[in-house]
Amino acid sequence: MVEKDRIEVAGQAVDVLVDSSPWDGKRPQLWPSVGMYPCYDELLYDFMSMDEVRNEAYRDALELVVPGRSVLDIGTGRDLNWALESVGFGADSVTAVEGMPETYELAAEQAAENGWLDDITLLRGWSSEISLPRPVEVCVSEIIGDIGGAEGAAAILADARRRLTTPDAVFVPHRCVTYAAATCFADIFPGGAGFFAESLNLLGQAFRVHGGPFDVLLGVANVGPEALVSDHAPVEDLEFNGDLRTEGEGSATLTVARRGRVDGLLLWIRLWCLPDRAPIDSLTMRTNWMPVYLPLFDEPHPVDVGDTLRLAVRHKPGDDGVHPDYSVAASLRTAHGPAFGEFRTEYRPTAFRGRPIYQQLFPVS
């Protein structure tokens, strides 16, 4: 059931549509995608710790590359997952870094209570702010966003490669590619959309980080290939053991594969922890990463098989030099005539209720 709720942000009341229906893993859910802002809560950390798709892929990689080597875990999180796994797989030494103050305190409390500090050096701060007594041979991180680079992985890990690791260091994960396909938000949520009730805490956190409400990136959980109207194409490719670039631009042409409607894009990631293993796919697997929806057009456009959606995509570091800003310009060609759309998502967003979809999600009283 979609109904109106209210949250308080910096003394301002913000009305928001909320889906208060009980959890149903087969029904799409709307979430704020907030990892880049950054903010996490207990629910998200629980999701990550219980995410066996992710955990198994990371464990397989660490078991292969860490024995006898020095390891740096960037963004270790509340539960120090990969630092602890590295100890268990026989790392020579393990250093874990956490930049979010509250998360660091939770990690330090757990580490002290469980005696982990005998095996792990836990540092407070962002990896770009620390130095190490000697370069490490393995760098493991889980700073991948729902859009792969949204949490600043390119800039953060490029800096780690320059300053904190040996020249031949192995990075886990190995590669992350973000794909895009045409979709219709109105058809994913035919009965109307509201944020999943349990995600409101994250939405409020994101608003508080920036001092007020803004048009948050929209994550869509429990959605799969059935939501795609076209074929798909890569729009961002991050090679952590290769030529890692912090900005880029490219183009793609999507071809409509079934008759339907299009009002935007669905983006998702494929993440390789090892180059020769099957990737994690956030569209076809249930994992803590979820696809995100980018609105391109203010209303759905009918499309037929063979119609095309041409994209021009750019990403570059935002004003903090770490988290990227993304922009998409789109040209839809159909028998009904052309349509042009665009979307920008920024690390320091300024728009609020700037598009019809956000005007619906954040109604005016």
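Structure notes:
- Against the conditions (1) out of contact with any helix residue (DSSP H, G or I) (no Cβ under 7 Å at 6 or more places or on another chain); (2) closer than 28 Å to ALA339 by Cα, GLU137 satisfies every one except (2).
- Selection over segment 229-242 of residues that are assigned to a strand (DSSP E or B) and in contact (Cβ under 8 Å) with a residue 60 or more places away in the chain gives a count of 8.
- Cβ pairs under 8 Å, 6+ apart, first in segment 202-228 and assigned to a helix (DSSP H, G or I), second at pLDDT 95 or above and of a type in the set (D, E, K, R): ALA227/ASP187
- Here GLU102 fits the description: open to solvent by 40 Å² or more (accessible area, probe 1.4 Å) and out of contact with any helix residue (DSSP H, G or I) (no Cβ under 9 Å at 6 or more places or on another chain).
- For beta carbons closer than 7 Å, sequence separation of 6+ or different chains, a first residue in segment 52-70 that is farther than 12 Å from GLU142 by Cβ and at pLDDT 95 or above and a second that is aromatic (Phe, Trp, Tyr) and surrounded by 14 or more Cβ atoms within 10 Å (Cβ to Cβ), the qualifying pairs are GLU63/PHE89; VAL66/PHE89; PRO67/PHE89.
- Total residues in segment 90-107, condition modelled with pLDDT of 95 or more and touching a strand residue (DSSP E or B) at 6+ places or on another chain (Cβ under 6 Å): 7
- When residues of segment 193-207 are limited to those that are of a type in the set (A, V, I, L, M) and under 18 Å from the mean Cα position of the chain (by Cα), the one surrounded by the fewest Cβ atoms within 10 Å (Cβ to Cβ): LEU200
- Selection within segment 309-326 - assigned to a strand (DSSP E or B) and either crowded, with 16+ Cβ neighbours inside 10 Å or free of Cβ contacts under 8 Å to residues at least 12 places away in the same chain (or both): LEU309, LEU311, VAL313, ARG314, HIS315, PRO317, PRO324, ASP325, TYR326
- Selection from segment 109-128 of residues that are free of Cβ contacts under 8 Å to residues at least 12 places away in the same chain and part of a helix (DSSP H, G or I): GLU109, ALA112, GLU113, ASN114, LEU117, ASP118
- Filter result (of a type in the set (S, T, N, Q) and out of contact with any strand residue (DSSP E or B) (no Cβ under 7 Å at 6 or more places or on another chain)) within segment 334-359: THR350, GLN359
- Against the test of being open to solvent by less than 70 Å² (accessible area, probe 1.4 Å), hydrophobic (A, V, I, L, M, F, W, C) and touching a Lys or Arg at 6+ places or on another chain (Cβ under 7 Å), the options PHE343, PHE362 yield a single qualifying residue, PHE362.
- Residue within segment 224-238 that is open to solvent by less than 40 Å² (accessible area, probe 1.4 Å) and under 20 Å from ARG353 (Cα atoms) present: no
- The condition (being surrounded by fewer than 23 Cβ atoms within 10 Å (Cβ to Cβ), modelled with pLDDT of 95 or more and over 22 Å from VAL138 (Cβ atoms)) is satisfied by just one residue among VAL87, VAL2, VAL16, VAL9: VAL16.
- All strands (runs of 3 or more DSSP E) inside segment 243-306 with 2 or more residues being open to solvent by 20 Å² or more (accessible area, probe 1.4 Å) and within 19 Å of TYR358 (Cα to Cα): none
- Looking at ILE74, ILE120, ILE147, just one residue is hydrophobic (A, V, I, L, M, F, W, C), touching a Leu at 6+ places or on another chain (Cβ under 6 Å) and modelled with pLDDT of 95 or more, and that residue is ILE147.
The values are calculated or read from the model by the stated rules, or taken from the named source; none is laboratory data. Keep in mind that what you see is a predicted model, and the values were worked out from it rather than measured. Glycine also receives a Cβ, built like all others from the backbone with ideal geometry; neighbour counts cover every protein chain displayed. Keep in mind that these areas ignore ligands, DNA and RNA; they rest on the heavy atoms of the full protein, side chains included. Shrake-Rupley method; radii C 1.70, N 1.55, O 1.52, S 1.80 Å.
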